[in-house]
Amino acid sequence: MLALAGAALIALPTLAACLDGAVIVNSGSTNFNGWRIKFWSNGMGQVVAMRDGKPVDAPRAFRVPRAATARFFADTQAARDAHAAGMSCMKSASFGTTTRVVWHTWTSPDVSCPQRGPNLALARDASVVISAAKVSSLPLRAGRIQLYKEPRRLPASTPPSGNASPSR
């Protein structure tokens, strides 16, 4: 009887094997940390601020409602299957970031740029997940900005100007 129960437990797939997952990655910029969201089909996720490919702090858990989760994964699959070209947009060299969804080795176009078709639906769904993760509460500032100060120099003393002539 115990051998039969043990065999049944081995045959059961683990919870992790049953879940589908995606990653939403923000590149960060010169002045701001990026972030990474790991998001699973059960609606659970983890978000962490990233700098130079390394976590800045401990991952923080969050949850997304079931309907939004199902829509996210359905729209992610539709965008991948459509092979639709993403639209690009102008970004600042110092402050511009890219946000992409990675799912089953497929990487989306930048969902922070305006999109159309299946990529538009994916961009909307990704923004729901990003909002639920409360990315804005992460330590997004990239360290301390060092301002270099030059010591102030007093102007050289000059005689007062004017046409004053010596009195006799």
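Read-outs throughout are calculated quantities, based only on the coordinates presented, and are distinct from any laboratory measurement. Just so you know, these numbers come straight off a predicted model, no measurement behind them. Positions of Cβ are generated from backbone atoms using ideal geometry, with glycine treated the same way; all protein chains shown enter the neighbour counts.
Worth a mention:
- Value of Rg to Rh for region 18-137 (Rh from inverse mean 1/r over Cα pairs, i.e. Kirkwood): 0.95
- With neighbour counts taken as other beta-carbon atoms within 10 Å, the residues K134, K54, K38 rank, fewest first, as K54, K134, K38.
- Environment charge of A133, counting only residues whose C-beta is closer than 14 Å and scoring Lys/Arg +1, Asp/Glu -1: +3
- Summed side-chain charge close to P65 - residues other than P65 whose Cβ falls under 13 Å, Lys, Arg +1, Asp, Glu -1: +2
- Loop sites in region 85-133: trypsin sites (Lys or Arg not before Pro), DSSP, at most 16 other Cβ within 10 Å: K91, R116
- Charged-residue dipole, Cβ positions (Lys, Arg, Asp, Glu), region 18-137 about Cα centre, Debye nearest 20: 220 debye
- In region 27-114, chymotrypsin sites (Phe, Trp or Tyr not before Pro) in a DSSP loop with at most 16 other beta-carbon atoms within 10 Å: F95
- Charge tally for P114 (other residues, Cβ to Cβ under 13 Å; Lys, Arg +1; Asp, Glu -1): +2.
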